[in-house]
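Structure, as structure tokens:
The values are calculated or read from the model by the stated rules, or taken from the named source; none is laboratory data. Treat the numbers as computed from the prediction; the structure is a model and nothing was measured. Ideal geometry is used to build each Cβ from the backbone, glycine not excepted, and the neighbour counts take in all protein chains shown. Remember, those area values only see protein heavy atoms, side chains included, never the ligands or the DNA or RNA. Shrake-Rupley method; radii C 1.70, N 1.55, O 1.52, S 1.80 Å.
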Amino acid sequence: MATTSLLPKSLSPFLTNTPSFPSTRFTKLSFLNPLDHPHCHKGPNLHTTHAKKKNPWLDPFDDGADPDMEYGSLFVDGKQDEDDRPPENPDNPYGFLKFPMGYSVEVASLALKVRGDVRRCCCVVSGGVYENLLFFPVVQLLKDRYPGVQVDIVASARGKQTYELNKNVRWADVYDPDEHFPEPADYTDMVGLLKGRYYDMVLSTKLAGIGHASFLFMTTARDRVSYIYPNVNAAGAGLFLSETFTPNTTNLSEGGYNMYHQMVDWLARPSKTVPQQPVPPLKVSISKKLKQVVESKYKNAGVNKGKYIVIHGLESDSKASMQSKGDTDSLLSIQVWDAIASGLREFRPLFVIPHEKERENVEEVVGDDASIVFITTPGQLAALINDSAGVITTNTAAIQLANARDKPCIALFGSEEKGKLFIPNAEQKNCVIVSSKTRRLKDIDIEAVKTAIPIFNMSLALV
């Protein structure tokens, strides 16, 4: 008589027979046996001694990249290739081809993940015009390191104006990351907007706590890279970020021209068969339409192309002064500017005012025949500097725009240290730094500024 098993038929094979899974479908759970992982001990090993410590909360079993792994013929070494997919048909009534470049209908390319390709990148830039202007080399670095990448920007309303000078940026959206209590509707709308663009990488220059880190996490980007607070406010932020940078102070702008050096070093790092990427200089591009608008403005002010010196940094409470958050003492009164402008002989001073209410004050001090132009955007300021013979300015965006367009410049700073921070290698950039001896900008030596004015005559002779 045959014996009948009391176990259900669905369970009997697992309880009576030894499971025999094919090795090609299941990987060995090596973490159950610590002897199979000789590198999983807490002592230092040769590969990670000098590397940045990984966040153990992200993946406790991640030992990092395998230096001996070979990609083979499936994954090409080196930089990514530009996507050669044909453009979408605008007359297509169905819209079923609306997929991000580098993606198929169902899954992203495996090579894209393994090689770390970046097809779409979003940069959340904190600060105003000055901080966004100094972010231009980072954008160019992204284009050089990841050929074909599409770069989008999220910045404040003032910061967005800067990107009319950058042809490498596809879209620039207004959302102030420095707002501590944003409107819930604006917050959720921006999260949905970024999530729907399928970014591979999100970079952020705002110091992140757990709130901003979760905002970046909800974009669902593969790589979420951000600065974090250097204090207890950073608690929990690392759980939502794949790479973090800790600055020395809570004010990133105090780093001057190289304020983003930690992010730049990470982006330019060498990888498999890709050498260290050189960091490009700050450059801006000016459209013809912008040049035409500005030309009509300075001609109405009574000056001609190449025959005027831009005076920028007039004391005002306007946000269009374009100061750096790392140097708040960077504006001078009109009385000081009038004394400096009196030293110009071969060129006519052109005073840039950030608000129309300042026009009356300038005319009262300088005279009714003073050349005054009302400029509020960085694009118009760049076009104005491009047609000038040079610039005399305090630490505003005009300094960086003059250097970007290779114009001679006299830069006024409250201290010598600030000058070296914001204008490294000033001699190579045809820029003269004049600093105050009392560490207060209002005590600047006017005679020292007048002594430096012949730099404009030298540039005229070279032309």
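Give me the extension gain from ASN258 to GLU417: residue separation times 0.36 nm, minus the current Cα-Cα distance, reported in nm with one decimal.
Numbers: separation 159, 0.36 × 159 = 57.24 nm, distance 1.38 nm.
Result for the pair: 55.9 nm of gain on full extension.
Give me the percent of accessible area attributable to carbon and sulfur for the range 288-461, probe 1.4 angstrom.
Solvent-exposed carbon and sulfur of the range 288-461 make up 46 percent of the total.
Filter the GluC sites (Glu not before Pro) in the range 394-450 down to the DSSP loop ones having no more than 14 other Cβ atoms within 10 Å, then list what survives.
In loop regions of the range 394-450 (DSSP not H, G, I, E or B), the sparsely surrounded GluC sites (Glu not before Pro) are GLU427.
Using 0.36 nm per residue of separation minus the Cα-Cα distance, give me the extension gain between GLU295 and VAL232 in nm, one decimal.
Length difference between fully extended and current span is 17.6 nm.
Computed FRET efficiency, Cβ-Cβ of ALA157 and LYS307, R0 41 Å: what is it to the nearest 0.05?
Rounded to the nearest 0.05, the efficiency is 0.75.
Testing the spin-label approximation: label points 7 Å from Cα along Cα→Cβ at THR249 and GLU183. State their distance in nm.
In this crude spin-label approximation the distance works out to 3.4 nm.
Per residue, how much accessible area does the range 169-295 have with a 1.4 Å probe, in Å²? Present the calculation step by step, with values, prior to reporting the outcome.
Details: 6330 Å² over 127 residues.
Computed with neighbouring chains in place, this is 50 Å² per residue.
Per 10 Å bin, what is the whole-percent P(r) computed from every C-alpha pair distance within the range 286-339?
Calculated over all Cα pairs of the range 286-339, the distribution is 18, 36, 37, 8 percent.
Over the range 353-441, what is the relative contact order in percent, taking alpha-carbon pairs closer than 8 angstrom and at least six residues apart? Please report the intermediate quantities before stating the final value.
Details: 121 pairs, mean separation 18.0, N = 89.
Dividing the mean separation by the residue count of the range 353-441 yields 20 percent.
Would you calculate the separation in nanometres between label points at THR438 and ARG359, each defined as 7 Å from the Cα along the Cα-to-beta-carbon direction?
Going by the 7 Å Cα→Cβ label model, 3.4 nm.
Loop-only check: which GluC sites (Glu not before Pro) in the range 294-364 are DSSP coil with at most 15 other Cβ within 10 angstrom?
Numbers: sites: GLU295, GLU315, GLU346, GLU356, GLU358, GLU360, GLU363, GLU364; in loops: GLU315, GLU346.
Loop-located and lightly packed - GLU346.
Using modelled amide H (1.01 Å from N, peptide plane; none on Pro or chain starts), what sits under 5 Å from the amide H of VAL124, excluding residues fewer than 5 places away?
HN-HN under 5 Å from VAL124: VAL154, LEU203, SER204, THR205.
Which aspartates and glutamates, if any, have their Cα less than 20 Å from the Cα of LYS79, not counting same-chain residues under 8 positions apart?
Result set, ordered by chain and number: ASP66, ASP68, GLU70, ASP117, ASP144, ASP200, ASP223, ASP265.
For the range 288-461, taking Cα atoms only, what is the radius of gyration to one decimal and the Dmax to the nearest whole Å?
My reading of the Cα-based Rg and Dmax gives 14.6, 44 Å.
I'm a student and want to see the number: the projected area of the Cα convex hull of the range 115-283, averaged over all directions, in nm².
Over all viewing directions, the range 115-283 projects a mean Cα-hull area of 9.3 nm².
Under the rule of at least 5 residues apart or a separate chain, name every residue whose amide H is placed under 5 Å from the amide H of SER435.
Here the answer is PHE413, since their amide H atoms fall under 5 Å of that of SER435.
Within straight cross-link reach of LYS429, meaning Cα distance under 19 Å, which aspartates and glutamates are found once same-chain residues fewer than 8 apart are removed?
ASP387, ASP406, GLU416, GLU417
May I ask you to order 246-257, 317-328 by the average number of other C-beta atoms within 10 Å around their residues, highest value first?
Values: 246-257: 16.0, 317-328: 19.5.
Final packing ranking: 317-328, 246-257.
What nm distance separates the two modelled labels at ARG345 and GLN428, each placed 7 Å from Cα along Cα→Cβ?
Those two pseudo-labels are separated by 3.3 nm.
Packing-wise, with mean Cβ within 10 Å as the measure, how do 167-175, 403-411 rank, highest first? The partial results should precede the final answer.
On the way: 167-175: 15.6, 403-411: 22.2.
Descending mean neighbour count gives 403-411, 167-175.
Given a Förster distance of 25 angstrom, what is the FRET efficiency for ARG170 paired with LEU239, based on the Cβ-Cβ distance and rounded to 0.05?
Efficiency, from the Cβ-Cβ distance: 0.25.
Please work out, to two decimal places, the log10 of the ratio I(q)/I(0) at q = 0.14, 0.16, 0.23, 0.27 Å⁻¹ from a Debye calculation in which every Cα of the range 220-294 carries one identical scatterer.
Scattering profile of the range 220-294, log10 relative to I(0): -0.68, -0.80, -1.11, -1.25.
List, in the order given, every pair from LYS325/LYS437; LYS167/LYS299; LYS113/LYS289; LYS143/LYS289 whose Cα-Cα distance in the structure shown is over 30 Å.
Those over the limit are LYS113/LYS289.
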